[in-house]
Amino acid sequence: MDNVQVATKVLQRRRGDILLIKKREKQVGGNKSMDYDYVQLHLEKVSLRNSDYTDADDYVAEQELVLHGSGHVHSSKGNFPLPQNAYEIPLVGDFNVKENPAGIDLSTERAVYTIRYH
């Protein structure tokens, strides 16, 4: 089973739970974190979305892991509803998964996602 299937299966088992998601964007050309996002999501379902769009700059991911459900984005400017009741994780470059009792950590070429179950 590849890492995308592992992540999908693990997250499917958490349907109905509240997920606390912390996203740290990586600096281009390194592993240093640049930006942080915090999201609270009531997980309803998990899906994979494939894109037929090809992009020379790799701006659009060929595949995304989509977490569906209502939630909020927490930022220094306040709390805002999650757009379209979905949180998208673009699967760009190497995709790594590490499960632990408190949640799951996902890592792509562009960002690290720390997902905790609440």
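The values are calculated or read from the model by the stated rules, or taken from the named source; none is laboratory data. Since the structure is predicted, the reported quantities are computational estimates derived from the model, not experimental observations. Here the Cβ is made from the backbone with ideal geometry for all residues, glycine too, and neighbour counts use every protein chain on show.
What the table shows:
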quantity: Pairs where the first residue, in region 84-106, is polar (S, T, N, Q) and the second is in a strand (DSSP E or B) and exposed (fewer than 14 other Cβ atoms within 10 Å of the Cβ), C-beta under 6 Å, 6+ apart; calculated: Asn85/Ser70
quantity: Pairs, first within 16 Å of Phe95 (Cβ to Cβ) and of a type outside the set (A, V, I, L, M, F, W, C) in region 1-22, second outside any loop (DSSP other than H, G, I, E, B) and modelled with pLDDT of 95 or more, C-beta under 6 Å, six or more apart; calculated: Asn3/Val97; Thr8/Val46
quantity: Leading residue by the ranking (nearest to Leu19 (Cα to Cα)) among those in region 49-78 that are polar (S, T, N, Q) and at pLDDT 90 or above; calculated: Ser70
quantity: Strands (runs of 3 or more DSSP E) wholly inside region 75-118 that include at least 2 residues being of a type in the set (S, T, N, Q); calculated: 96-100
